[in-house]
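The values are calculated or read from the model by the stated rules, or taken from the named source; none is laboratory data. Keep in mind that what you see is a predicted model, and the values were worked out from it rather than measured. Cβ placement follows ideal geometry from the backbone for every residue including glycine, while neighbour counts extend to all protein chains displayed.
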Amino acid sequence: MRAMILNNPGEPLQLLEKSDPIPGPGEVLVKISACGVCRTDLHVVDGDLPEPKLPIVPGHEIVGHVSILGEGVDKFKVGERIGITWLGHTCGHCAYCKSGAENLCDEPEFTGYQIDGGYADVTVADADFCFPIGGQYSDAEIAPLLCAGLIGYRSLTMAGENSERIGIYGFGAAAHIVTQVACYQNREIYAFTRPGDLVAQKFALDMGAIWAGDSDQTPPQALDAAIIFAPVGALVPSALRAVRKAGIVVCGGIHMSDIPAFPYQILWGERVLRSVANLTRQDAIDFLELAPKIPIQTKIEEFPLEHANLALDALRTGKLTGAAVLIP
Ligand SMILES: [Zn+2]
Ligand SMILES: [Zn+2]
């Protein structure tokens, strides 16, 4: 197999060739056809997230076909197209797992963080955490749905069923998908980008946002909720100022720079500030069923697997419009 591996955070990924892994009981060997590049990968590579398995193959928006079934796997057939997400394994017995909140499991293993992921041409995955993927989309088009889409969808759910006017801070892979879901649900999206990023603002309007502006601007109307995808803590007070009383601000990223001190008055009025962590398998089932009905169109930029460092760099510097996808 060929893989782009991270030996130490802060270093570029290295191309490695080695023999294929063998799937154990309950696992499948998957021939990868596409893997999305998520901001979380960047946090792993840059050392923002503690204690990754090292060396690690990043990547958790994996689309591929089952090539070998491990012992006891009867849920898939050889050749079937499947998706693999960030949630690679949960313990199944902690209080969170037992209460339907497996996204908060006490002993989780995440793909591309504790388990080798999809910046490769093959991988091994726990079959219970893989999802069948039907027709309609190409492999590369599906990839961003598997994390950007899923986390975006979970964030939108957390923004409140009755929230009609929703602000989105940071208009990248997750935002462009969430905007389509929100429009389908007859909600209005207000897109906030890096100040002066007219390309991202035009992209947001093209995707269905009814307003787009700089992150330090005040929206034309008070918002019912806001979702922050950009990993910038200073956006939290901005978003709290943009939402009405009882409005909800959702932080959708796994990592964020420190949140500056802010006056209690902008939280007062029963405004809610919360994070969204990971996903459950039910989120994936629900979202993958919904996506083709809308139908969500993903805007992708393909990179050969060997160019993973370039793709990460484009994401780091805000040069992407939409989502980067690696093709082995
Ligand atoms: Zn658990
Ligand atoms: Zn992700």
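Restricted to the stretch 77-119, and to residues that are of a type in the set (Phe, Trp, Tyr) and closer than 30 Å to residue 307 by Cβ, which residue is farthest from ligand 1 (Cβ to nearest atom)? The qualifying residue farthest from ligand 1 (Cβ to nearest atom) is 119. Of all residues assigned to the stretch 211-224, none qualifies as being in contact (Cβ under 8 Å) with a residue 24 or more places away in the chain, surrounded by fewer than 24 Cβ atoms within 10 Å (Cβ to Cβ) and under 18 Å from the mean Cα position of the chain (by Cα). Where strands (runs of 3 or more DSSP E) fall entirely within the stretch 235-328, those with at least 2 residues that are more than 22 Å from residue 223 (Cβ to Cβ) are at 300-304, 323-327. Summed over the stretch 156-210, the residues that are in contact with a strand residue (DSSP E or B) (Cβ under 8 Å, 6 or more places away or on another chain), over 24 Å from residue 319 (Cβ atoms) and free of Cβ contacts under 8 Å to residues at least 24 places away in the same chain give a count of 1.
With the requirement that a residue be touching a Gly at 6+ places or on another chain (Cβ under 6 Å) and among the hydrophobic types (A, V, I, L, M, F, W, C), what does the stretch 161-189 give you? The answer is 174, 177, 178, 183.
Residue by residue, here is whether (1) in the same structural domain as residue 235 (by TED's automatic domain parsing); (2) farther than 19 Å from residue 44 by Cα holds:
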| residue | (1), (2) |
| --- | --- |
| 250 | yes, yes |
| 259 | yes, yes |
| 287 | no, yes |
| 302 | no, yes |
| 305 | no, no |
| 310 | no, no |
| 319 | no, yes |
| 323 | no, no |
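Scanning the stretch 3-25 for residues that are loosely packed, with under 15 Cβ neighbours inside 10 Å and in contact with a helix residue (DSSP H, G or I) (Cβ under 9 Å, 6 or more places away or on another chain) gives 10, 11, 12, 15.
Taking the conditions exactly as written (in the same structural domain as residue 217 (by TED's automatic domain parsing), free of Cβ contacts under 8 Å to residues at least 60 places away in the same chain and acidic (Asp, Glu)), does residue 107 satisfy them or not? Considered against the rule, which asks whether it is in the same structural domain as residue 217 (by TED's automatic domain parsing), free of Cβ contacts under 8 Å to residues at least 60 places away in the same chain and acidic (Asp, Glu), residue 107 comes out as no.
Screening 126, 139 for residues that are acidic (Asp, Glu), touching a residue at least 60 places away in the same chain (Cβ under 8 Å) and within 16 Å of ligand 1 (Cβ to nearest atom) leaves exactly one candidate, 126. Cβ-Cβ distances below 7 Å connect the following pairs, each with a first residue in the stretch 55-68 that is free of Cβ contacts under 8 Å to residues at least 60 places away in the same chain and of a type in the set (Gly, Ala, Ser), a second residue that is in a strand (DSSP E or B) and more than 16 Å from ligand 1 (Cβ to nearest atom), and a separation of six or more residues or different chains: 67/29; 67/30; 67/31. The single residue among 83, 88 that is of a type outside the set (Asp, Glu), within 16 Å of ligand 2 (Cβ to nearest atom) and closer than 22 Å to residue 302 by Cβ turns out to be 83.
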